[in-house]
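Right, one structure below, let's go through it.
The values are calculated or read from the model by the stated rules, or taken from the named source; none is laboratory data. Here the structure is a predicted model, which is why all the values come from computation and not from measurement. Backbone-built Cβ (ideal geometry, glycine too); neighbour counts: all protein chains shown.
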Amino acid sequence: MGKQDIIGRILSDAEAEAAAILKEAEARAEAIRKNAEDGAEKEREKAQKEAEGKRRALLEGRRAAARLDAQKIALSGKRRVIDVVYGRAEDKLSKLEEHASLALISSLLEAYAEKGDEVVLAEGYPFTAGVKKLAVVRDRALNVAEKGAKISGGVILRNASCDRDLSLSSLLAADKEAHQAELAGMLFPGAK
């Protein structure tokens, strides 16, 4: 073998080795590309699932907020109706005829007045003279004040140790607090 043959053989072997290395590099590059595509596809699917989960959670959150807002609006409407009912009750009680009004004041004094209390009626109460003649006023030595309070009706009882607000608005507010759920059930049967 001559020098040329040896050089030719070396070049031929080098070309074959280079071709093999190139082929192996292309195969590796293809495998890397395929793995990258597969990884990217998996990441895309994962991201889509996460996005879908977040979308559903957000949608459910908005639905829940909408339901809550609707319930708040309904509750607010029910409260307004109950407020109107109690407002009308206070208005009617403040406009009772003399006999009924004196009976109401008498029952309040019987239940809550202590000996020597000062009885303060509503400003402009038309039956003050009748209150002064009530048996409970005489029996408990109650003093009916000449100056009235800014209340719609009922009384305020005062003594040295405390004041007791028995005005119609206070009594009705306490009644409303105690019976609001029951009243709502009667006014809005079947409502949640």
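Taking the criterion of being of a type in the set (Lys, Arg) and surrounded by fewer than 11 Cβ atoms within 10 Å (Cβ to Cβ), the residues of the range 60-79 that qualify are ARG62, ARG63, ARG67, LYS72. In the set ILE73, ILE82, ILE105, only one residue is of a type in the set (A, V, I, L, M, F, W, C) and at pLDDT 95 or above; that residue is ILE105.
Restricting attention to the range 86-103, the residues that are touching a helix residue (DSSP H, G or I) at 6+ places or on another chain (Cβ under 7 Å) and either surrounded by 16 or more Cβ atoms within 10 Å (Cβ to Cβ) or farther than 21 Å from ASN143 by Cα (or both) add up to 7. Would the range 43-50 turn up any residue that is surrounded by 10 or more Cβ atoms within 10 Å (Cβ to Cβ) and closer than 30 Å to ALA181 by Cα? Checking the range 43-50: not a single residue is surrounded by 10 or more Cβ atoms within 10 Å (Cβ to Cβ) and closer than 30 Å to ALA181 by Cα.
Only one of the numbered conditions (1) within 30 Å of LEU68 (Cα to Cα); (2) charged (D, E, K, R); (3) not assigned by TED's automatic domain parsing to the domain that holds ARG67 is not met by ARG80, and that is (3). When GLU177, GLU97, GLU90 are checked against the criterion of being over 25 Å from LEU187 (Cβ atoms) and among the acidic types (Asp, Glu), GLU97 stands alone in meeting it. Looking across the range 109-153, just one residue is in contact (Cβ under 8 Å) with a residue 60 or more places away in the chain and buried (at least 20 other Cβ atoms within 10 Å of the Cβ), and that is GLY153.
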